[in-house]
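Here's the structure, in structure tokens; my notes come after.
The values are calculated or read from the model by the stated rules, or taken from the named source; none is laboratory data. What you see is a predicted model; the values in this text were computed from it and never measured. Every residue, glycine as well, gets a Cβ built from its backbone with ideal geometry; the counts of neighbours run over all protein chains shown. Just so you know, the surface numbers come from the protein's heavy atoms only, side chains and all, with ligands and any DNA or RNA stripped out. Shrake-Rupley method; radii C 1.70, N 1.55, O 1.52, S 1.80 Å.
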Amino acid sequence: MSVHTRLKSLSFANRLTWKVLGTVLFIMAFTLAITFFAAFRAMKSETRGRYLGMMNLVSEKINLEIKRMEIGAKNVFDEVGHNLDSPETVMAALEKEIHLNNDVEGYFVAFEPNYFPQQGRWFEPYIHKTKSGGYYTDQVGSAEHNYLKADWYLRAKTEDQGFWTAPYVYKDNKGYGGVFCTYVMPLRDNEGRMVGVCGADLLLENLITDLKKIDDESRRDGMMNIDKRYRNLDFYSFIIDRDGTFIAHPEEKRMMKENIRSFVDNGKWFGDSESVIRNMTQMKSGIEPIKVDDVWADIYYTPLQSANWSMAIVVQKRVFIQPILLLLLSLLSATGLGQILVWIICRRNIRKETKPLVALTQSANEVAKGNFEAPLPRLEYEDEISNLRDSFATMQHSLVKYIQDLEETTTKKAKMESELNVAKKIQMSMIPNKFPPFPKRKDIDLFGSLTPAKTVGGDLFDYFIQGDRLFFCIGDVSGKGVPAALMMTVIRYLFRSVSTRFDDPKQIVEAMNDCYAADNETMMFCTFFLGILDLKTGLLRYSNAGHESPYLITSEVERMKVDPNLPLGVMEGMTFTAQEKSVPDGAILFLYTDGLTEATNKQETLFGKERVEESLRHALDDGLTDVAAFVHRMTDDVAAFVKDANQADDLTMLALRISLNN
């Protein structure tokens, strides 16, 4: 049995208890989730800020140290450049400077070939520290050690500026050596001429010692360790060169032997090791989740621009996850105890308060069966249940009357709808609806469409042929519904009646206006366009009463010029103007009411005259010549524009095409 089915079989009191319990559980769970995620984000943000600050501090310290060594080396080399009188003065200057700079392991000067002829082609004096703390001097330039072809020598001459070499391992025959990095720059004499290349050696073991010292101090202070059980395991720092080789690392076995690719294992959920490798070797900064030595961690990395290296701090994720898990466990325990207390209290109180509903339910069942006179129970308290009982009593008395009123209203509504449908059929029967209307004539073709906004509307179009002349009109009565439909009937009757007595459009419109305005107490005016087309000559005589300008479609779409006369019915005795237009063979006249241009979509954007003209041009470009096709194309374009929006106004279109050669 499903949970929903079980709930349906429970009593109201039990269901209410479980729903209250569920609501409380949802609120507590929601609060718990917000608390957990807020604490998680705060801890994560605090941890990131802490380690970013540490990384920036260490990187700044290393950069300053490297920059200090660069400046010191430049000063030393300037001093050497002022003592180029003899090999002895050069060596004396190097010995003096190495005593003054404890951070430097050694200095060398590699001279241009035969700079000191007595020293031969290769002369490279070198002084460096010894294990005992003293200094050792040597001339290392020789055919075997041909520094003239060394990359660092050629690069210094080419770039003409100082740079740090890639880390390298060096060990001499006296047991002195280690991992070094050398700052190299060209040496110039007092006249600015380049006489060789000089360098200052940095022992990277000192850099490693500094990194370990900083890590140990942070752990000892407790600022970077959340759980003492994981001391010395939570984070550590390392440095790589441009190729990804470890320069400094807590595990010395990895230095100068392993590459970062063997250090990072790509994880499926926590980052892309290729991105870490690429960014660090390209001297970029960032924070990314990765898997390091089979342990998930965050890696914080930044470039050491001074030496073209990259530094990183690896922080295991448990550093900030463990306290969050402890908090979550505490919150879950408190939530569970709270739910038990809520269930006990709600079950007892709800059962007591809902007992009166049982008696009221029995009475309500009798009323539902049709026994509207069934007695209702008396209740002790004046509360919502008592109000419900009074409502049932009122319902008993009013239900019968309501049913009677509903039957009467339904009957009246059905009768009204039936009458409106009959009125619609009568109105639509008055509008031409057989097309083509003159199947035996080849000189004229017409097609019209009328779509009222309500059951009936106030738009109209009509036409008839008298001799070789086509009388046609289109109009739009103000308003909608039954009143507009009645006035539309009057306008059509006046058109048919007056047009048989006059053949001048001006006289016809003026006579129609006088008749219509005489008894127009409702002041419902009508925009109206009347035309008389000579089917032999193509001469169109027309008069406009405030209606939309028709379009003449030949090889292009032309909006006809009409005089701005007032609509029909405004006042008696008004004067209207008549105009003429020659309609060429095969041309199409397109007439419409403002329901076309004012068709509106759900964004309340009008279809507009621009879209009307665009639709007519597309139909013309598609080679349409049938008048019905033009009207159908316009109908489809309007429907595609308004989509599901309600029709706000009656929509009427009339298209006619003349063929003078038939």
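Here are the numbers for this structure:
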quantity	calculated
Subset of region 93-121 [part of a helix (DSSP H, G or I) and farther than 25 Å from Ile66 by Cα]	Pro117, Gln118, Gln119
Considering residues of region 618-662 that are within 20 Å of Leu470 (Cα to Cα) and charged (D, E, K, R) only, the residue nearest to the chain's Cα centre (by Cα)	Asp626
Qualifying positions in region 246-260 - part of a strand (DSSP E or B) and touching a helix residue (DSSP H, G or I) at 6+ places or on another chain (Cβ under 8 Å)	Phe246, Ile247, Ala248
Among (1) modelled with pLDDT under 85; (2) in a strand (DSSP E or B) - the single one Ala453 does not satisfy	(2)
Verdict on Gly162 being closer than 13 Å to Thr182 by Cα, of a type outside the set (Ser, Thr, Tyr) and either modelled with pLDDT of 90 or more or in contact with a His (Cβ under 8 Å, 6 or more places away or on another chain) (or both)	no
Conditions (1) open to solvent by less than 10 Å² (accessible area, probe 1.4 Å); (2) under 23 Å from Glu205 (Cα atoms); (3) of a type in the set (Val, Ile, Thr); (4) not in a strand (DSSP E or B); number of the one not met by Ile71	(1)
Residue count, region 136-161 (criterion: within 60 Å of the chain's Cα centre (by Cα) and β-branched (Val, Ile, Thr))	1
Residues of region 503-527 satisfying the condition of being open to solvent by 10 Å² or more (accessible area, probe 1.4 Å) and β-branched (Val, Ile, Thr)	Thr522, Thr527
Condition check for Val58: in a helix (DSSP H, G or I), out of contact with any Pro (no Cβ under 9 Å at 6 or more places or on another chain) and not small (Gly, Ala, Ser)	yes
Hits in region 290-323 - residues which are at pLDDT below 75 and within 33 Å of the chain's Cα centre (by Cα)	Phe320, Ile321
Filter pass, Lys129 being under 22 Å from Asn75 (Cβ atoms), modelled with pLDDT under 85, more than 56 Å from the chain's Cα centre (by Cα) and among the charged types (D, E, K, R)	yes
Residues that are touching a Lys or Arg at 6+ places or on another chain (Cβ under 6 Å) and outside any strand (DSSP E or B), drawn from region 283-319	Ser306, Asn308
Residues of region 124-173 satisfying the condition of being of a type in the set (Asp, Glu), open to solvent by less than 70 Å² (accessible area, probe 1.4 Å) and either assigned to a loop (DSSP other than H, G, I, E, B) or in contact with a Ser or Thr (Cβ under 9 Å, 6 or more places away or on another chain) (or both)	Glu124, Asp172
Options Leu148, Leu187; residue that is touching a helix residue (DSSP H, G or I) at 6+ places or on another chain (Cβ under 7 Å) and closer than 24 Å to Asn114 by Cβ	Leu187
Region 528-548, residues that are open to solvent by less than 10 Å² (accessible area, probe 1.4 Å) and not in a strand (DSSP E or B)	Leu535, Gly538
Filtered residues of region 470-482 (kept if open to solvent by 60 Å² or more (accessible area, probe 1.4 Å) and more than 18 Å from Asp594 (Cβ to Cβ))	Val482
Candidates Leu337, Leu360, Leu326 - the one that is within 30 Å of Asp294 (Cβ to Cβ), in a helix (DSSP H, G or I) and either at pLDDT 70 or above or not small (Gly, Ala, Ser) (or both)	Leu326
